[in-house]
Amino acid sequence: MLAHVDADNRVTATEVHPNFYAEDHEPGQIPRYIDSLGANVVVAGGMGAKAIDWFRHFGIKVVTGARLGVAETLDAYLAGSVTGNAACCNQR
């Protein structure tokens, strides 16, 4: 889900975009796709160090620690309780 957030941290619109690369992708494909959507932050449950570097390459801030649901994750991020990132250690 792509959420548009205003300066007061209020969600002004949401869009659902399929991730064509979720199951099978080359390094950098998902960050490039997310960048093409105009995102400047990605919130995920976890992410490897290489993926974090790719997102940073595109100027996209990475936040890990997503909750079970999209709404709960977005609310937690906007409230400031989901902030930094930590790379997963399960690298291929």
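The values are calculated or read from the model by the stated rules, or taken from the named source; none is laboratory data. Keep in mind the model is a prediction, meaning the values are calculated, not measured. Methodologically, a virtual Cβ is constructed for each residue, glycine included, from the backbone with ideal geometry; neighbour enumeration extends over all protein chains shown.
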Hits in segment 27-38 - residues which are surrounded by 18 or more Cβ atoms within 10 Å (Cβ to Cβ) and among the aliphatic types (A, V, I, L, M): I30, I34
Within segment 22-62, tally of residues that are of a type outside the set (A, V, I, L, M), touching an Asp or Glu at 6+ places or on another chain (Cβ under 9 Å) and closer than 20 Å to D6 by Cα: 1
Residues that are among the β-branched types (V, I, T) and under 26 Å from G48 (Cβ atoms), drawn from segment 11-26: V16
Set V42, V11: member being in contact with a strand residue (DSSP E or B) (Cβ under 6 Å, 6 or more places away or on another chain) and either surrounded by 15 or more Cβ atoms within 10 Å (Cβ to Cβ) or modelled with pLDDT of 95 or more (or both): V42
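Could you check how many residues of segment 1-37 are of a type in the set (A, V, I, L, M, F, W, C) and in a loop (DSSP other than H, G, I, E, B)?
Let us first name the residues in segment 1-37 that are of a type in the set (A, V, I, L, M, F, W, C), namely 1-3, 5, 7, 11, 13, 16, 20, 22, 30, 34, 37.
Keeping just the survivors that are in a loop (DSSP other than H, G, I, E, B) gives 1, 7, 16, 20, 22, 37.
Number satisfying all stated conditions: 6.
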Residue count for segment 38-68, restricted to those that are closer than 21 Å to H25 by Cα and either among the charged types (D, E, K, R) or assigned to a helix (DSSP H, G or I) (or both): 10
Subset tally (residues that are touching a residue at least 40 places away in the same chain (Cβ under 8 Å) and either exposed (fewer than 13 other Cβ atoms within 10 Å of the Cβ) or among the polar types (S, T, N, Q) (or both)) for segment 51-75: 0
Filter result (assigned to a loop (DSSP other than H, G, I, E, B), aliphatic (A, V, I, L, M) and modelled with pLDDT of 80 or more) within segment 69-90: V82
Counted residues, segment 7-48 - those being under 19 Å from V82 (Cβ atoms) and over 13 Å from the mean Cα position of the chain (by Cα): 5
Matching residues in segment 1-38 - criterion: being in contact with a Ser or Thr (Cβ under 6 Å, 6 or more places away or on another chain) and without any contact (Cβ under 8 Å) to a residue 12 or more places away in the chain: H4, D6
